[in-house]
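Q: Handing you a structure now.
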Amino acid sequence: MTNTLPSTHEVQSAIHRLGGTRVVLAEDLAQLSGKSVNNFNQAVSRNKTLR
């Protein structure tokens, strides 16, 4: 399994502005990490101390 970092363009295109605040949606984070949204959200739930 090869872990490759997403390109700068991929990361920049995942950043959205909502009311002047920059956010990244869970769907975009899951895609950048190569996981399904459901698996990504489960991992976040298991690692609540990282929030």
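Q: Would you calculate a helix-derived [θ] at 222 nm for the chain, using -39,500 (n - 2.57) for each DSSP H run of n ≥ 4 and dividing by the full residue count, to the nearest 500? All intermediate terms of the calculation are to be shown ahead of the outcome.
A: Details: 3 runs with 25 residues, N = 51.
Theoretical 222 nm ellipticity from helices: -13500 deg cm²/dmol.
Q: Here's something else I'd like to know. So for the chain, averaging the separation of alpha carbon pairs under 8 Å that are six or more residues apart and normalising by length, what relative contact order in percent results? Write down the numbers at each step before the final one.
A: On the way: 26 pairs, mean separation 11.0, N = 51.
In percent, rounded to a whole number, it is 21.
Q: Over every pair of different alpha-carbon atoms in the chain, take the mean of 1/r and invert it; report that Kirkwood radius in Å.
A: 12.1 Å
Q: Quickly rank 39-49, 13-23 as a protection proxy: mean count of other C-beta atoms within 10 Å, highest first.
A: Highest mean packing first, the order is 39-49, 13-23.
Q: Label residue 5 and residue 31 with points 7 Å out from Cα along Cα→Cβ: what is the distance between them in nm?
A: Taking the simple label geometry, residue 5 and residue 31 are separated by 2.1 nm.
Quick note: the coordinates plus some simple rules give every number you see, no bench work behind them. The structure displayed is predicted, hence computed values, not measured ones. Note that each Cβ is placed from the backbone with ideal geometry, even for glycine, and that neighbours are counted across all protein chains shown.
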